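In what follows, a structure is listed as structure tokens, so that the remarks can point back to it.
The values are calculated or read from the model by the stated rules, or taken from the named source; none is laboratory data. A quick note: this is a predicted structure, and the numbers were derived from the prediction, not measured. Neighbour counts are summed over all protein chains in view; Cβ atoms, including those assigned to glycine, are modelled from backbone coordinates with ideal geometry. Side chains included, ligands, DNA and RNA excluded: accessible areas come from the protein's heavy atoms. Shrake-Rupley method; radii C 1.70, N 1.55, O 1.52, S 1.80 Å.
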Amino acid sequence: MAGRPERIATLDIARTLALVGMAVFHFTFDLQMFGHLAPGTTATGGWVLFARLIAGSFLFLAGVSLQLAHGRGIRPRAFGRRFLMIAGAALLVTGATYMALPEQFVYFGILHSIAVASVIGLAFLRLPALLTLAAAAAVLAIARMPAAEVFEAPWLHWLGLATTTRPSVDFVPVFPWLAPCLVGIALARLAGRADLWDRLRRVEGRLSAASLQALAWPGRHSLAIYLIHQPVLYGLVWAATVTMR
């Protein structure tokens, strides 16, 4: 059985940057909710692209991490523990948003998507990278195809193949969002074959360990930060709004 791979600080720092982007977007969304910005601000223009880049980066990094952690051999206990944490957090988000926003609750958001993509991704860990990239392209192509009537059923909306879906404040369906995870798996496999990960570790070894750890810390605790950041931001905007009245 493969041992636990050494962490790469650069990937944790990349997660930190994704978390910063997510916090910026959600803070803007909260300002919009409380009337400090025009309605629909985060659903127009560059904000839509920004949101997609953030979601794509989390799924891409999930694919990279999956390949690094299990590419040399799946570690069932480690994978199962991580999957249960993500799936449990996803259910927590669903429950919390259903109580707060029943008309737009999160029934398949970023955590749900990462959990499902991680399971599907296991099948691609040992496949040729080009085949995995082709699968990612197929996912994108399928997402753009006309919807079959069967996918209009509400219980299949999480696939992303229906013409209309239930409104949600965070909807990240399998199609097309499995694609960036598969791309992450493929590129991580190619990077491993080119010895890029070991080179990156050697470069990190020549840098300030304290600085790397500080920048990487949020990324190493990304799930916990994801769960608490929005209630904190929402509370801050609410308190500021009440104070200004």
For residues that are surrounded by fewer than 15 Cβ atoms within 10 Å (Cβ to Cβ) and touching a helix residue (DSSP H, G or I) at 6+ places or on another chain (Cβ under 9 Å), scanning just region 89-99, find the one that is nearest to P154 (Cα to Cα).
L91
List the number of the failed condition for F105; all other conditions in (1) under 20 Å from P231 (Cα atoms); (2) in a helix (DSSP H, G or I) hold.
(2)
What number of residues within region 210-245 satisfy the criterion of being more than 26 Å from T97 (Cβ to Cβ), free of Cβ contacts under 8 Å to residues at least 24 places away in the same chain and surrounded by 12 or more Cβ atoms within 10 Å (Cβ to Cβ)?
1
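Applying the selection to region 197-209, what residues are open to solvent by 80 Å² or more (accessible area, probe 1.4 Å) and either within 15 Å of L11 (Cβ to Cβ) or assigned to a helix (DSSP H, G or I) (or both)?
So the first thing to find is which residues in region 197-209 are open to solvent by 80 Å² or more (accessible area, probe 1.4 Å), and the list is 199, 202, 206-207.
Passing the criteria: R199, R202, L207.
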Given the criterion more than 28 Å from P39 (Cα to Cα), open to solvent by 30 Å² or more (accessible area, probe 1.4 Å), touching a residue at least 40 places away in the same chain (Cβ under 8 Å) and aliphatic (A, V, I, L, M), identify the matching residue among L187, L178.
L187
Could you go through region 14-28 and let me know if any residue there is farther than 21 Å from L212 by Cα and open to solvent by 60 Å² or more (accessible area, probe 1.4 Å).
yes
So, in region 121-174, of the ones that are assigned to a loop (DSSP other than H, G, I, E, B) and under 24 Å from L190 (Cβ atoms), which residue ends up nearest to the chain's Cα centre (by Cα)?
L125
